[in-house]
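Engineer: A single structure is presented below for examination.
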Amino acid sequence: MKKWPLNEFAQTSRTWFAVFLAVSLITLPNLIACFYWLPASQWLFGLALPLLACAFGMRVRLMLWLAVPLVLLVPACLACLFSIQNLPSTFLILALLETNQAELSAFQAPVIFAGLGTLLLLALYIAFVRSRVPADFRLGILGRLVVFSTLLVPIIWDLSCYGQTVSVAAIKERCLSTFPCSTVYYGYEAFSIRSRVQNRKELLDQLTVSQEPEFRDDARRQVHMMVIGESASKSCFSLYGYERETTPLLEQTPGLLPFRDVASTATVTLLAVPSLLTSPPAGKVIESTRQASLLSAYKKAGFRVYWLSAQKKHGTFDTLTSIFSTDADESVFLGGKIDLDGKGTYDATDAGLLPLVRERLQRNEPKVLFVLHTIGSHGPYPGRYTPEQARYPADKDAVNSALQRIRSGMAGDPHDLELAQNSYDNTICATDSLLATLINDLKQTHASSWLCYISDHGENTSTARFGKFMHGMVSRQVVEVPMLMWVSPSYEQAHATKVAGLKSHLTTPFSASCTFHTLLDMGGLSCPDFKPEWSTASPRFSPGPRQVCDSNGLIIDYDQKFPAQQSTTQVLPQQPTPKLATGTPRP
Ligand SMILES: [Zn+2]
C-alpha cells in the first residue's frame, strides 16, 4: 500500500494552510480594505508579496519570524481602516506625531483597541507559527510558480495597459495601496518630513541677518503683513481693468501700489508658495525646505512672527507649504485640524483670519510680521465668501453642479459658465473686502507698516479656451498673478527711497520669485540669500528671466511661451462699470 504519499500530501496541505493563515494575518488590513475600496486582486498581490523571498529559496518560517514587526502594525492599521476607511497616509502619521494629548483623546477608543489587539495578535502569531509551520519548510516548484504569477500578472497587466512610462507609476501605486508597503513607505516619508522640520530650527540658529540703520529705530512700531492669495486671477480684478466691479474697496484705498506684470513661479500651490517665501527659483520645493525663509529672517531680526492660515496643515498639497509655519513664533490653521487621509476639505473662510489678526495686533508688540495664507478663490467657490460679499447671483448648489459639468468637459452651456463666473467673481469680492479690512486694521495701529498681497497662482475662468475654472496648466490666467503693495504714511515718510523704488517698477515684468527679496528689503533686512537686484524696492532692481514650473515639474520660460502683449499693462479704469452680459451685480 502506498500510504506515505497521501500522508505527505496531507501534511504539506496542512502546512500550506498554516502559511496561508499566517500570511493572511500579517496582511489582514488588505482584506479589510477590500470591503471599502481595494480590489480583491490587490489582496492576492499583498498575500504573495511577503512570500517573494521564499520563492527565491528562503525558509518560510524564517520569513514569518522576520515579519513579526508587521504584526505590530496590523492593529493600528485596522483601527485606522475602521475609523477613516483608509490605510494610514503620510499626513495622518505626521498629524499623529504632532498632535497633543487633548487632540489624541479623540482617538482614545481606537488607540486602546490597537494597543490590546497588538499584544493579543503577537502572542497568537508566535504560538501559531511555532506549532504549525515546520522549521525547514520551503516552497516547492508549484508554490514558487503561484507566488511569481500572483506578483507578475498584475505588473504585466499594468505594462500592457499603460505603456512603459506610465506603468512605472501604476506599479508604484499598486504597491503603495497595499499593506505593508504603503505603511512602511508613508511612515518613512512622514519621518523624513519631520526631520526636515527639525532641521529648520537649526537653520534659524545658524542664520545671520543684518538690518539697515534707518530701520533700527526702536521707538517706532513696525507691523508688516504678507498675504498669500490662492487661485486669484488678475484678469478678474477690476483694479487691473476687469469690466465687473470686483475690487471697489481696494480701488478707494490711498497708497495702494498694484504691480501689473507679475508671473507666478508655478501653477499649483505646493510648488508656488515655497518660492514666495524662500530664495530658490521655480519648482525647487525640496531645496526651499532646506533654506531660510522670510519668516526666519524677520524672526532673527527680533520680529514676533505669526503664520495664520485658512488652509490645512497636512495634506497632499499642504505639508510642504505649511512646513514654513514652523519658522514662526506662533501658527494657527483654520483648515482641518487633523487631516486623516490627506484629502480633507478646506472649509474655513478667510474672514475667520480677521479676529486672529486683531487679537494679535492688540498685544502691542513693537516689531511684528504676519504671514496670512488664505484660501482665496480656490474651488469650490461658493464656500469662499459670505452672502454679504456676494455681488453676483450664484446659488450654491447650482454653481457646484455647473462647475462639475464644466470640468467634466461639458462646457457648452452659457448659463453654466455665467453661474461659475459669478461665483468666482464673488470670491474676488471677498478678497477685496479682506485686504481692505486688513489695511484699515494696520492703519489703526499708526505703525510703520507695509502689506503685500500676492496670489500663489491664478485660475482659468470662463474666457479660457481649455481647462475652464481650473489651474495647474500654463496659461496667461494661471500664470499672471495680482500683486499689491500698501505702505503706511509713516513708512513712506521714513523710507522714501524704498517706496520710490516700488513705484518705479509697477509696470516692470518680473517673477513672483522676487517677493522674498522685495519683502526682506522692505524691512531693511539682509541675509546670505538676499539679492538686492531682485528687490522691486531697490533702485538696482534687475530681474532675470521669468521661469514657471508646470504641474509636472517642467520649467518653462514664460516670456518665450507668451510674448508680451498690451493687455498685461492696462491703465487703471477711472470708473469701472460692469459690462459682462452674464450676470447682474447685486446692489
Ligand atoms: Zn494655490
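Engineer: Give segment 22-51 a look and list any residue that's touching a residue at least 60 places away in the same chain (Cβ under 8 Å) and exposed (fewer than 15 other Cβ atoms within 10 Å of the Cβ), or say none.
Structural biologist: Of everything in segment 22-51, just one residue is touching a residue at least 60 places away in the same chain (Cβ under 8 Å) and exposed (fewer than 15 other Cβ atoms within 10 Å of the Cβ), namely Ser41.
Engineer: Another question about this same structure. All but one of (1) modelled with pLDDT under 95; (2) within 16 Å of the ligand (Cβ to nearest atom); (3) among the hydroxyl-bearing types (Ser, Thr, Tyr) hold for Tyr424; which doesn't?
Structural biologist: (1)
Engineer: Further question: Those residues that are surrounded by fewer than 20 Cβ atoms within 10 Å (Cβ to Cβ), charged (D, E, K, R) and not in a helix (DSSP H, G or I), I need them from segment 504-559; list them, please.
Structural biologist: Hits for segment 504-559 are Asp529, Lys531, Arg540, Asp550, Asp557.
Engineer: Checking Ser377 against (1) under 25 Å from the mean Cα position of the chain (by Cα); (2) modelled with pLDDT under 90; (3) not in a helix (DSSP H, G or I), which test does it fail?
Structural biologist: (2)
Engineer: So, one more: Determine which single condition Val227 fails, assuming it passes every other condition in (1) of a type in the set (A, V, I, L, M, F, W, C); (2) surrounded by 13 or more Cβ atoms within 10 Å (Cβ to Cβ); (3) outside the structural domain of Thr321 (by TED's automatic domain parsing).
Structural biologist: Condition not satisfied by Val227: (3).
Yes/no per residue for (1) on the phi > 0 side of the Ramachandran plot; (2) buried (at least 22 other Cβ atoms within 10 Å of the Cβ); (3) within 12 Å of the ligand (Cβ to nearest atom):
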| position | (1), (2), (3) |
| --- | --- |
| Ser238 | no, yes, no |
| Gly241 | yes, no, no |
| Glu245 | no, no, no |
| Leu277 | no, yes, no |
| Pro281 | no, no, no |
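Engineer: Taking Leu257 and the conditions (1) assigned to a loop (DSSP other than H, G, I, E, B); (2) more than 9 Å from the ligand (Cβ to nearest atom), which numbered condition does it fall short on, given that it satisfies the others?
Structural biologist: Single failed check for Leu257: (1).
Engineer: With the requirement that a residue be in a loop (DSSP other than H, G, I, E, B) and within 14 Å of the ligand (Cβ to nearest atom), what does segment 470-493 give you?
Structural biologist: Matches in segment 470-493: Met470, His471, Gly472, Met473.
Engineer: Within segment 70-114, track down each residue that is polar (S, T, N, Q), modelled with pLDDT of 65 or more, farther than 16 Å from Ala190 by Cβ and part of a helix (DSSP H, G or I). Lay out the reasoning, then the answer.
Structural biologist: Residues of segment 70-114 polar (S, T, N, Q): 83, 85-86, 89-90, 99-101, 105, 108.
Checking the rest, the ones that are also modelled with pLDDT of 65 or more come to 83, 85-86, 89-90.
Now narrow it down to the ones that are farther than 16 Å from Ala190 by Cβ: 83, 85.
Passing the criteria: only Ser83.
Engineer: Considering every residue within segment 494-512, establish whether at least one is within 16 Å of the ligand (Cβ to nearest atom) and touching a residue at least 40 places away in the same chain (Cβ under 8 Å).
Structural biologist: Filtering segment 494-512 down to residues within 16 Å of the ligand (Cβ to nearest atom) leaves 512.
From the residues that got through so far, the ones that are touching a residue at least 40 places away in the same chain (Cβ under 8 Å) too are 512.
Yes, the conditions are met somewhere in segment 494-512.
Engineer: Here's another thing I want to ask about it. Return yes or no: is Leu451 over 22 Å from the mean Cα position of the chain (by Cα), more than 16 Å from the ligand (Cβ to nearest atom), assigned to a helix (DSSP H, G or I) and among the aliphatic types (A, V, I, L, M)?
Structural biologist: Numbers: over 22 Å from the mean Cα position of the chain (by Cα): yes; more than 16 Å from the ligand (Cβ to nearest atom): yes; assigned to a helix (DSSP H, G or I): no; among the aliphatic types (A, V, I, L, M): yes.
Spelling it out, it is not the case that Leu451 is over 22 Å from the mean Cα position of the chain (by Cα), more than 16 Å from the ligand (Cβ to nearest atom), assigned to a helix (DSSP H, G or I) and among the aliphatic types (A, V, I, L, M).
Engineer: Turning to a different aspect of this structure: Please state which of the following conditions Asp456 fails to meet, knowing it meets all the rest: (1) within 16 Å of the ligand (Cβ to nearest atom); (2) surrounded by fewer than 23 Cβ atoms within 10 Å (Cβ to Cβ); (3) among the charged types (D, E, K, R).
Structural biologist: With (1) within 16 Å of the ligand (Cβ to nearest atom); (2) surrounded by fewer than 23 Cβ atoms within 10 Å (Cβ to Cβ); (3) among the charged types (D, E, K, R) applied to Asp456, the lone miss is (2).
So that you can scan it fast, the table gives a plain yes or no per residue for (1) over 25 Å from the mean Cα position of the chain (by Cα); (2) assigned by TED's automatic domain parsing to the domain that holds Ile454:
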{"position": "Ser475", "(1), (2)": "no, yes"}
{"position": "Leu484", "(1), (2)": "no, no"}
{"position": "His495", "(1), (2)": "yes, yes"}
{"position": "Lys498", "(1), (2)": "yes, yes"}
{"position": "Ser504", "(1), (2)": "yes, yes"}
{"position": "Pro509", "(1), (2)": "yes, yes"}
{"position": "Phe516", "(1), (2)": "no, yes"}
{"position": "Leu519", "(1), (2)": "no, yes"}
{"position": "Gly524", "(1), (2)": "yes, yes"}
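Engineer: Now a separate question. For segment 364-398, name all the residues that are more than 16 Å from the ligand (Cβ to nearest atom) and at positive phi.
Structural biologist: Asn364 - this is the single residue of segment 364-398 that is more than 16 Å from the ligand (Cβ to nearest atom) and at positive phi.
Engineer: Would you confirm whether any residue within segment 216-231 is within 16 Å of the ligand (Cβ to nearest atom), among the hydroxyl-bearing types (Ser, Thr, Tyr) and either within 30 Å of Ile375 (Cβ to Cβ) or out of contact with any Leu (no Cβ under 7 Å at 6 or more places or on another chain) (or both)? Lay out the reasoning, then the answer.
Structural biologist: Filtering segment 216-231 down to residues within 16 Å of the ligand (Cβ to nearest atom) leaves 226-231.
If we keep only those that are among the hydroxyl-bearing types (Ser, Thr, Tyr) too, we end up with 231.
Pick out the ones that are also either within 30 Å of Ile375 (Cβ to Cβ) or out of contact with any Leu (no Cβ under 7 Å at 6 or more places or on another chain) (or both) and you get 231.
Among the residues of segment 216-231, at least one is within 16 Å of the ligand (Cβ to nearest atom), among the hydroxyl-bearing types (Ser, Thr, Tyr) and either within 30 Å of Ile375 (Cβ to Cβ) or out of contact with any Leu (no Cβ under 7 Å at 6 or more places or on another chain) (or both), which makes the answer yes.
Engineer: Output the qualifying pairs, or none if there are none: Cβ atoms under 7 angstrom, residues six or more apart or on different chains, first residue in segment 185-207 and within 16 Å of Leu295 (Cα to Cα), second residue among the acidic types (Asp, Glu).
Structural biologist: Hits for this filter: Arg200/Asp327; Leu204/Asp327.
Engineer: Then there is this: Has segment 51-59 got any residue that is assigned to a helix (DSSP H, G or I) and charged (D, E, K, R)?
Structural biologist: Within segment 51-59, not a single residue is assigned to a helix (DSSP H, G or I) and charged (D, E, K, R).
Engineer: Separate question: Given the structure, is Ala436 closer than 25 Å to Pro254 by Cα, among the small types (Gly, Ala, Ser), modelled with pLDDT of 95 or more and buried (at least 22 other Cβ atoms within 10 Å of the Cβ)?
Structural biologist: no
The values are calculated or read from the model by the stated rules, or taken from the named source; none is laboratory data. Predicted model only: the values in this text are computed from it and were never measured. As a convention, Cβ positions derive from the backbone with ideal geometry for all residues, glycine included, and neighbour counts pool all protein chains shown.
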